[in-house]
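Asker: Below is a structure I'd like to ask you about.
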Amino acid sequence: MHRRRSFLITMKRDYYSESIAKFRSTSPNEILGLLARSSRFSIEQTQRDAWLEEIRILKEALSNIEGRYILNMRFLEWASESMLCCSLVR
């Protein structure tokens with residue numbers, strides 16, 4: 001009789017998850033550091049610059065949002081590419 005082993009793999013779904021207020025008060029470089037540590041790929045200068053610009057745009061877009069919202073950021077990764085995706089949860 002052949003025994004099958006099962007493995008449970010848990011993966012961190014969100015690479016950044018904070019309240020909107022916390023996101024707005026956190027420096028872009030600190031957020032970038034959290035995202036960079038979560039990426040499975042090396043971070044090129046162009047990728048770093050793109051993420052900083054996305055963070056800047058998000059901070060501006062969320063500047064008037066009030067209430068108990070949570071901003072979640074995660075990567076969609078394939079091959080050697082990654083895209084930062086964001087969602088707003090109430």
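The values are calculated or read from the model by the stated rules, or taken from the named source; none is laboratory data. Owing to the predicted nature of the structure, the values given are computational and were not obtained by experimental measurement. Positions of Cβ are backbone-derived with ideal geometry, glycine not excepted, and every protein chain shown enters the neighbour counts.
Asker: Being more than 24 Å from Ala21 (Cβ to Cβ), among the basic types (Lys, Arg) and at pLDDT 80 or above is the requirement here; does Arg48 meet it? Break it down into steps so the answer makes sense when it comes.
Answerer: Values: more than 24 Å from Ala21 (Cβ to Cβ): yes; among the basic types (Lys, Arg): yes; at pLDDT 80 or above: yes.
It is true that Arg48 is more than 24 Å from Ala21 (Cβ to Cβ), among the basic types (Lys, Arg) and at pLDDT 80 or above.
Asker: Kindly indicate whether any position in segment 9-29 is among the β-branched types (Val, Ile, Thr), modelled with pLDDT of 90 or more and under 24 Å from Lys59 (Cα atoms).
Answerer: The initial filter retains those residues of segment 9-29 that are among the β-branched types (Val, Ile, Thr), namely 9-10, 20, 26.
Of the ones still in play, those that are also modelled with pLDDT of 90 or more are 26.
In the following step, the residues that additionally are under 24 Å from Lys59 (Cα atoms) were identified as 26.
Scanning segment 9-29 turns up at least one residue that is among the β-branched types (Val, Ile, Thr), modelled with pLDDT of 90 or more and under 24 Å from Lys59 (Cα atoms).
Asker: What residue, of Ile65, Ile57, is more than 14 Å from the chain's Cα centre (by Cα) and within 14 Å of Cys85 (Cα to Cα)? Please lay out each step first, then the result.
Answerer: Numbers: Ile65 fails: within 14 Å of Cys85 (Cα to Cα).
None of the others qualify; the one that does is Ile57.
Asker: Restricting to segment 44-71, name every residue that is loosely packed, with under 13 Cβ neighbours inside 10 Å and among the β-branched types (Val, Ile, Thr). So that I can check it myself, show each step before the final result.
Answerer: Quick first cut of segment 44-71, residues loosely packed, with under 13 Cβ neighbours inside 10 Å only: 44-46, 49, 53, 56-57, 60-61, 63-64, 66-68.
Residues satisfying the conditions are Thr46, Ile57.
Asker: Out of the residues in segment 30-47 that are over 13 Å from the mean Cα position of the chain (by Cα) and either assigned to a helix (DSSP H, G or I) or of a type in the set (A, V, I, L, M) (or both), state the one that is nearest to Arg90 (Cα to Cα). Explain how you work it out, then say what you get.
Answerer: Step one: list which residues in segment 30-47 are over 13 Å from the mean Cα position of the chain (by Cα), which gives 41-47.
Narrowing further to those that are either assigned to a helix (DSSP H, G or I) or of a type in the set (A, V, I, L, M) (or both): 43, 45-47.
Details: Ile43: 31, Gln45: 33, Thr46: 32, Gln47: 29 Å.
Out of the qualifying residues, it is Gln47.
Asker: Something else about it: List the number of the failed condition for Phe75; all other conditions in (1) of a type outside the set (Asp, Glu); (2) at pLDDT 75 or above; (3) part of a strand (DSSP E or B) hold.
Answerer: Of everything listed in (1) of a type outside the set (Asp, Glu); (2) at pLDDT 75 or above; (3) part of a strand (DSSP E or B), Phe75 misses just condition (2).
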